[in-house]
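**Q** If you scroll down you'll find the structure; I have some questions about it.
The values are calculated or read from the model by the stated rules, or taken from the named source; none is laboratory data. Since we're looking at a predicted model, the values are computed, not measured. We work out accessible area using only protein heavy atoms, side chains counted, and drop any ligands, DNA or RNA first. Shrake-Rupley method; radii C 1.70, N 1.55, O 1.52, S 1.80 Å.
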Amino acid sequence: MPHAPSPFSVLIGCGAALAIAFAAWRKGSLSGSGAVAAAIGGALSMLAGLPWGVFLVVWFLYASLLSRAGRDAKAARTGEIIAKGGRRDAWQVLANGGVYFALAAWTVGTALGAPGDPLDPAVLAAAALVAAGADTTATEVGTWWRGASVSVRTWQQVPAGTSGAVSLMGSLAMVAAAVVLAGVAVTAGLISSRALWVVAAAGVVGAVIDTLLGATLQARRICRRCGKATEQRVHRCGGETGLTGGLSWMDNDMVNALCTLAAAGVAALLSVMPG
């Protein structure tokens, strides 16, 4: 049974989370609301244990560096399409890390005397964050590589950055990222080496589900002024957009949240399967 965190560990964990979130805000990786959400989630992760905090920090650094690489070129290719870019706001932070934060909070609650869970929450949490990282990798690499992107709904070529689209390099990078990030979780001590392939496989499945949801249920819009397809409610040209497919409330943040939740669920299923 884990022990309740000491006042000293609470202070250190919260201070470290706040410092990292502040640095990310200064560097432009997070908006103000994103920094607040990251600080709270980071503090919960630190309190859950050092491995939780270390894996989250490494994941965040990886995702931030990946997003910043070739930022101007990627923005030029996707600026007409994506609803958000650059700084991650609170909704983006929670969409990618909310499941991880919730399971970290559950772990802290267990240490304080809440009822336990027969499944290892660290495995589920790692799978959720690995899925978010794998999906981010597929998007960033696919956009940066300048290869052809194909919609899994129509199997027609679409502009880079279109939700529900895949590219060869993006897909290969997605699988590689899932394995590497699962290995990081093992190295950090968050999961055992036996759980590596469970976490990696669940992460890939979560990222694939993200793509399928993006192609089918995510809101698809078109600008009434310039006629360009976009995810933006008000297009960059200033024109209002109209819904052409999907669900109006299913935006990219919702799809990302479902991606991580699905990965955690797949990890739970794989963990209880015999053999």
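**Q** Could you give me the ³J(HN,Hα) list for region 125-133, computed from phi with Karplus coefficients 6.51, -1.76, 1.60 and θ = phi - 60°, whole Hz, x at Gly and Pro?
**A** With coefficients 6.51, -1.76 and 1.60, one gets 5, 4, 4, 4, 6, 5, 4, 4, x Hz.
**Q** Which order do Asp251, Asp210 take when ranked by solvent-accessible area (1.4 Å probe, heavy atoms of all protein chains), largest first?
**A** Heavy-atom accessible area, descending, gives Asp251, Asp210.
**Q** Amide H neighbours of Met250 under 5 Å, at least 5 residues apart or on other chains, H built in the peptide plane: list them.
**A** Ala219
**Q** At q = 0.10, 0.15 Å⁻¹, what base-10 log of I(q)/I(0) does the Debye formula yield for the chain when every alpha carbon is treated as an equal point scatterer in vacuo?
**A** Computed log10 I(q)/I(0) values: -0.51, -1.09.
**Q** Run lengths n ≥ 4 of DSSP H only: what is the helix-derived mean residue ellipticity at 222 nm for the chain, with -39500 (n - 2.57) per run over all residues, to the nearest 500?
**A** Details: 9 runs with 174 residues, N = 275.
Calculated mean residue ellipticity at 222 nm is -21500 deg cm²/dmol.
**Q** Using a 1.4 angstrom probe with every protein chain in place, what is the largest-first accessible-area order of Phe22, Phe101? Don't jump to the answer; show the numbers that get you there.
**A** Values: Phe22 110, Phe101 20 Å².
Correct descending sequence by accessible area is Phe22, Phe101.
**Q** Let me ask something additional. Using a 1.4 angstrom probe and counting only protein chains, how large is the accessible area of Leu168 in Å², to 10?
**A** Looks like 130 Å² after rounding.
**Q** Given H placed on each backbone N at 1.01 Å, which residues far from Gly245 in sequence or on other chains put an amide H within less than 5 Å of it?
**A** Those lying under 5 Å, H to H, from Gly245 are Arg220.
**Q** In terms of modelled amide H atoms, which long-range or inter-chain residues lie less than 5 Å from the amide H of Ser31?
**A** Close amide H contacts, sequence-distant or interchain: Arg88, Asp89.
**Q** Roll a 1.4 Å probe over the protein chains and send me the accessible area per residue for the chain in Å².
**A** Details: 13360 Å² over 275 residues.
Per residue, the chain has an accessible area of 49 Å².
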